[in-house]
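Single-structure report; data block below.
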Amino acid sequence: MQLQRELSTSRTFSLTTLSQGFIQFINLGRELTTLEIRDALIPYLESLHEEHGSILVDLLENFPNPPCQEKPIGHVSPSHLTPESKKQRAVSRVSETGPAGHLPPHILYLIDLGMDLEQIKGITRKFPAFAYYSLERKIKPVVEFLLDLGIPKSDLPTVLTKRPQLCGISLSENLIPTMTFLENLGVDKKQWAKVIYRFPALLTYSRQKVEVTVDFLSEMGLSAESIGKILTRYPNIVSYNVDDKLRPTAEYFRSLGVDIAILLHRCPQTFGLSIEANLKPVTEFFLERGYSIEDIGTMISRYGALYTFSLAENVIPKWEFFLTMDYPKQELVKFPQYFGYSLEARIKPRYALVKEAGVKLLLNQVLSLSYHNFDKVLKTKMKKMHSYRASSDTNSCQDLQPGIE
């Protein structure tokens, strides 16, 4: 009864917060998704928690049963709670010990999964709501579901650190339907463990968000099969805003003469790069060295990852070494994959062997062949060279012999 009286005093304030969260969606004239409802509810619940402390958490966690024991209610004015104080309160909750000196059950469970307390505190600082998730109804069911999908237990700390919100989502109402929706779009159901490890946030996006990205990919000329492969290999693409990120990047590459569908299929991560900070500097680097826009377009079409490399740490050192090699500049247009090989572990050692052998090989042959095939081609070239030289020496000797009358 005491809690009910306290809640009544703040109902007007809290319901105002709640109604403001719903109005924006009601005006859209469509049914709310689970995530949208959750996003509207969270500020309302947080305002109640700020006023009534841990007794509200105990009430919700034990509903419909009453809390195990009566706790004093500490009233704190919402105006006195800053974002930092909310974080501190959440961190205190995950690190406080009970009467027996033990950490909360959900924290002990997470530690058993391989997380340490500092890691959990770090998650809580970024996402304070994580401190209030129920072990039995939220965290444990999601963890067991992820394990059943084939995610190794050792990978779970990484997954939960990347997206702790996963533990707050309903399996039956959100996670499983979202996965079914994505499978219908072509995501390989056999690869869910890898997809979630790469980008667990994918399962927390609304269908509308995913559909906007899929529509863009289709607009760029990708087939349904290719879209499914992209979502499987690089699910992060869903996080990019279509109008602010994907479309401007597509327009930039189109200005270079690149087939956007091919580039998206081969290297979708290129579309996560900044045009000003990443793309333009690489383009300007090659333009300054005598390559045409057409050359650069051909290079990126053949090797989409070219623009993902650092100029200072990758492109420039490899370019400088290329200038010491006996190849014309156009060899890089034919084989831009050169920039994807290790300078010290692959390029320099292979080229040294070619120079030592005294033969000529295409840049593609020098770098892309396996060690066995490279050795085989090198020996074949050497054999042909020695045979040619021997033949030339024999012909020279015959030319020098005096004629017989």
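A few comments on the model shown:
- Taking all protein chains together and rolling a 1.4 Å probe, Glu219 ends up with roughly 110 Å² accessible.
- For region 262-344, the relative contact order works out to 33 percent when only alpha carbon pairs closer than 8 Å and six or more residues apart are counted.
- Shape class of region 86-133 from the alpha-carbon gyration tensor: oblate, with a/c at 1.5 or above and b/c at least as large as a/b.
- Spacing of the two label points (7 Å from each Cα toward its C-beta) at Lys383 and Asn241, in nm: 6.2
- Extended-chain gain in nm, criterion 0.36 nm per residue less alpha-carbon gap, Arg289 and Glu183: 33.6 nm
- Intensity falloff of region 179-257 expressed as log10 I(q)/I(0), Debye formula with alpha-carbon point scatterers, at q = 0.20, 0.22, 0.27 Å⁻¹: -0.86, -1.02, -1.41
- Here the Karplus curve 6.51 cos²θ - 1.76 cosθ + 1.60, taken at θ = phi - 60°, turns the phi angles of region 167-173 into couplings of 6, x, 9, 5, 5, 6, 8 Hz, with x standing for Gly and Pro.
- FRET efficiency, 1/(1 + (r/R0)^6) with R0 51 Å, evaluated for Ile316 and Asp375 via beta carbons: 0.95
- Region 279-384: Cα Rg divided by the 2.2 N^0.38 Å rule of thumb: 1.11
- Label-point separation in nm, Gln88 to Ala305, each point 7 Å along Cα→Cβ: 4.7
The values are calculated or read from the model by the stated rules, or taken from the named source; none is laboratory data. Everything numeric in this text was worked out from a predicted model, so none of it was measured. All Cβ positions, even for glycine, are placed from backbone atoms using ideal geometry, and neighbour counts span all protein chains on display. Protein only, heavy atoms only, side chains kept; ligands, DNA and RNA dropped before computing areas. Shrake-Rupley method; radii C 1.70, N 1.55, O 1.52, S 1.80 Å.
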